[in-house]
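Bear in mind these aren't lab numbers, they're just calculated from the coordinates by the rules spelled out. From a predicted model like this one, the values you see are computed outputs, not experimental measurements. Note: ideal-geometry Cβ built from the backbone for every residue, glycine included; neighbour counts use all protein chains shown.
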């Protein structure tokens, strides 16, 4: 009895039934068709079938295009590879042989071309076994191939690289894996250390072998692969003009190219093949095709961004190339200002006319305001500037000047654009206290139904009405309008240039109303969406730091300052310096406080105080009092004059007066509570500040009423001023040393409100076990973990990376002495219980 063949290799799961049938009954009739593009393993499968027959004692006959089919013994298994290469006569002969009831015949072929008789043969072969279709591999199948080839565990990163580069082609997946092994990128002994390389390269010998494979293609297919490698779209009109052929004839060429296995199922060129083709193409031919492709796409009015990027990479020159690059930059300006700026640079280098207005806009949005101002000024100085470019240059200039403390000039420029656009000047006018002019501009603006059909127009209108509502004391309307303005611009992302970010103003107003959750959510969404581009990102991050400073979560403040430690625009520099001063004050770091204050004084020279910098000004007033510096007087005078011009709106005046309470305490004088009491009579949300100021006056005089202090400190927490509330309670405890119970109660209140530096007498009377064993940031992460957020979501909410969140969770487990996630959840629920 003949030996039964071994089971099929796991490399051919689609042929599993065929191998099982062959193993059980090797002498029985068996016919099947195997179809798939090149490189999908048809020949390898046929070899495995041949080996199985040989183990069973049957010598199969391999059919080649030149085989004499008339002398074939029909009793032997017949294996035909690449049947699409056979002529019609040979296919008809095979079909007649396949009619024999006892025939054993396996035939492989590509889906294209389809010579006459191939379909008829395939249909006849299907009577015993459905066609076996081989194709590109999915992620799991690539992982199996990589593990077999590399003889190691395939990590997700490794599988992702191989799948991306190979497009799932079994042949190219094997080549990419081998290239990673040959170059040492993949160490089978330590596969977990694999990191994504910048590029995949093969040995010169293998590259030459692949050259033969490509150059063996028919000329039309080779030229099509060249065009696709250079980024040509799979579009008949574009390809026909580029390749100089008939659009109708391209159908066969594209299908033939797909059948080679060099394209993915969707018709895209496999990345590995594209890189190899670009490496093999003569430089001048590649540049000529790139130029012609770009001209064709520009002439057709289609997208030219991809073509423009390739021209930039090729350092193309000439007026036509410059035109294409400028068009590509305009296209990129809607999605990526950074890329747009690079393409505008390339257009200028190519020898074309400077595109200064749009280039200026790209520079501003990419975070290069100095260059933006220069380019905008060149536009305005040129005699042949179009009205549209002049308008764009004015908008860029005004936006950058507003960031540099020239709110008055920015307002003037916007008002020159006409009544429809003058509404953009309202935030600048309010910044410098010109309330009547701001109201007049809004009143003379055309009705909303005449706004441009863009996201920006309604957002600007809501920003104007929301800001005026803050001055009028209508906080519900203000919050609604401002948050809606910020939300409208989120889809526009980094491509909207405004002098004042609606997200920043909405977050500032929300925080000063005590709505810190709304402020953080608004800032988080704006940062994630890169709203306002590079010109706005630092300000958004710094405002998040200010909210964290008020709560006393100092780890967040440090992280924010670390992220914005580069050169800043004057407005952001004031924010950053004051934030650093606030951090230094809360950590009793006098040298850092002095350094931050010196930095802030310089920043205030470059950017005079305006409405949106009153909160940092108040922090700097406290720092000046602690350091004995008299330099803040003129700035405070300007702030008071500005507030008076606006009618002392409680929303904007209260934070400054609250800071002045602390400045008085720092200077050793009794704080004034009257200004806050007057504001509280007009705005209920200021009442907690007024009551706390009254309490501070009494505590400073040595009059400690435990109930009153607890009420005032707790009221500050409701206003999201946790650190201030804890400090008030701790200071009162320090002055109540004659009453141990009062001291203990007040220190317990201070501990509940946040981490403070406890006075020595209090430490002896308070149970230290009440202090959570986790840091402020860890508790913050813990709350979000309990809320069910993922590490990525927590990172986005707290402006840190998912990896940092993972480190926090690991430290929390260590500090709490737990190992499992369930144990961590249980301990966090106890620690964070109300």
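Run the quick spin-label model on residue 251 and residue 138: label points 7 Å from Cα toward the beta carbon, then report their separation in nm to one decimal.
Computed distance between label sites residue 251 and residue 138 equals 3.2 nm.
Taking a temperature of 4 °C and a viscosity of 1.567 mPa s, what whole-number D in µm²/s does Stokes-Einstein yield for segment 93-207 with Rh from Kirkwood over alpha carbon pairs? Mind showing how you got there, number by number?
Numbers: Rh = 16.8 Å.
D, rounded to a whole number, is 77 µm²/s.
On C-alpha positions alone, give me the angle between the axis of helix 435-444 and the longest principal axis of the chain, in degrees, nearest 10.
50 degrees
Let a ≥ b ≥ c be the square roots of the eigenvalues of the Cα gyration tensor of segment 19-89; is it rounded (a/c under 1.5), or, if not, prolate (a/b larger than b/c) or oblate?
Details: a/c = 2.05, a/b = 1.21, b/c = 1.70.
Oblate, because a/c is 1.5 or more while a/b does not exceed b/c.
Shape verdict for segment 139-201, please, from the Cα gyration tensor: rounded (a/c under 1.5), prolate (a/b greater than b/c) or oblate.
Working: a/c = 1.41, a/b = 1.15, b/c = 1.22.
Because its axes are fairly even, with a/c under 1.5, segment 139-201 counts as rounded.
Once the piece of chain linking residue 92 and residue 235 is laid out straight, how much longer is it, given 0.36 nm per residue of separation minus the C-alpha distance between them? Don't skip to the end; give the middle numbers.
On the way: separation 143, 0.36 × 143 = 51.48 nm, distance 3.68 nm.
Result for the pair: 47.8 nm of gain on full extension.
In nm, to one decimal, how far is the modelled label at residue 741 from the one at residue 420, with both set 7 Å along Cα→Cβ?
According to this spin-label approximation, the distance is 7.4 nm.
Taking Cα atoms, how many degrees apart are the long axis of helix 219-229 and the longest axis of the chain, rounded to 10 and kept between 0 and 90?
10 degrees
Using 20 Å bins from zero, what percent of all Cα-Cα pairs in the chain falls into each bin?
Spelled out per bin, shortest first, that is 13, 32, 27, 19, 8, 1.
Nearest 10 degrees, 0 to 90: what angle lies between the long axis of helix 614-627 and the longest principal axis of the chain (Cα atoms)?
With rounding to tens, the tilt is 60 degrees.
Quick one: what does P(r) look like for segment 13-133 with 5 Å bins over all Cα pairs, in whole %?
Going out from 0 Å in 5 Å bins, segment 13-133 shows 2, 12, 25, 27, 22, 10, 2, 0 percent.
What are the extents of the Cα atoms of segment 776-831 along their three principal axes, listed from largest to smallest and rounded to whole Å?
27, 19, 18
By count of other Cβ within 10 Å, fewest leading, how are 520, 252 ordered?
Working: 520 22, 252 13.
Ordered from fewest to most neighbouring Cβ atoms within 10 Å, 520, 252 come out as 252, 520.
Tell me, in nm to one decimal, what length is gained between residue 412 and residue 265 on full extension, where the rule is 0.36 nm per residue of separation less the Cα-Cα distance?
On the way: separation 147, 0.36 × 147 = 52.92 nm, distance 5.79 nm.
Answer, rounded to one decimal: 47.1 nm.
Just grab the label-to-label distance for residue 17 and residue 627, each label 7 Å out from Cα along the Cβ direction, in nm (one decimal).
8.2 nm
Could you compute the FRET efficiency for residue 207 and residue 164, with r as their C-beta to C-beta distance and R0 at 22 Å, rounded to 0.05?
On the way: r = 20 Å, r/R0 = 0.89.
That gives a FRET efficiency of 0.65.
Among 245, 386, which comes first, second and so on when ranked by fewest other beta-carbon atoms within 10 Å? Could you put the intermediate results ahead of the total?
Values: 245 16, 386 11.
Lowest count first: 386, 245.
Please order 25, 344, 406 by the number of other Cβ within 10 Å, starting at the fewest.
On the way: 25 12, 344 28, 406 21.
Ranked by crowding around the Cβ, least crowded first: 25, 406, 344.
For the chain, what is the mean residue ellipticity at 222 nm derived from helices alone (per DSSP H run of n ≥ 4: -39500 (n - 2.57); sum divided by total residues; nearest 500 deg cm²/dmol)?
Details: 44 runs with 527 residues, N = 834.
Value at 222 nm, helices only: -19500 deg cm²/dmol.
If you take the square roots of the eigenvalues of the alpha-carbon gyration tensor of segment 675-719 and sort them as a ≥ b ≥ c, do you get rounded (a/c under 1.5), prolate (a/b over b/c) or oblate?
On the way: a/c = 3.07, a/b = 1.49, b/c = 2.05.
Taking the square roots of the gyration eigenvalues as a ≥ b ≥ c, segment 675-719 is oblate.
Mind giving me the FRET efficiency for residue 64 and residue 317? R0 is 41 Å, r the Cβ-Cβ distance, nearest 0.05 is fine. Could you put the intermediate results ahead of the total?
Values: r = 52 Å, r/R0 = 1.27.
Once rounded, the FRET efficiency stands at 0.20.
Can you grab the distance from the C-alpha centre of segment 514-566 to the C-alpha centre of segment 255-282, Å, no decimals?
So the two Cα centres are separated by 46 Å.
Grab the eigenvalues of the alpha-carbon gyration tensor for segment 173-224, scale each by 5, take roots, and send me the semi-axes largest first in whole angstrom. Can you show the working numbers first?
Values: eigenvalues 173, 23, 14 Å².
Calculated on Cα positions only, the semi-axes equal 29, 11, 8 Å.
Applying 1/(1 + (r/R0)^6) with R0 = 25 Å to the Cβ-Cβ distance of residue 565 and residue 792, what FRET efficiency is obtained, to the nearest 0.05?
After rounding, the FRET efficiency stands at 0.50.
Between residue 47 and residue 443, what is 0.36 nm times their sequence separation minus the Cα-Cα distance? Round to one decimal in nm.
Difference between extended and current length: 134.2 nm.
When DSSP beta bridges are limited to those with both residues in the chain, what percentage is antiparallel, rounded to the nearest 5? Write down the numbers at each step before the final one.
On the way: 1 of 15 bridges.
If we restrict to bridges inside the chain, about 5 percent are antiparallel.
Can you tell me what the convex hull of the Cα atoms of segment 616-731 projects to on average, as an area in nm²? The partial results should precede the final answer.
Values: hull surface 27.2 nm².
For the Cα atoms of segment 616-731, the hull's average projected area reads 6.8 nm².
Could you rank the peptides 280-287, 683-690 by their average count of other C-beta atoms within 10 Å per residue, with the highest value first?
Working: 280-287: 12.9, 683-690: 20.6.
Packing order, densest peptide first, comes out as 683-690, 280-287.
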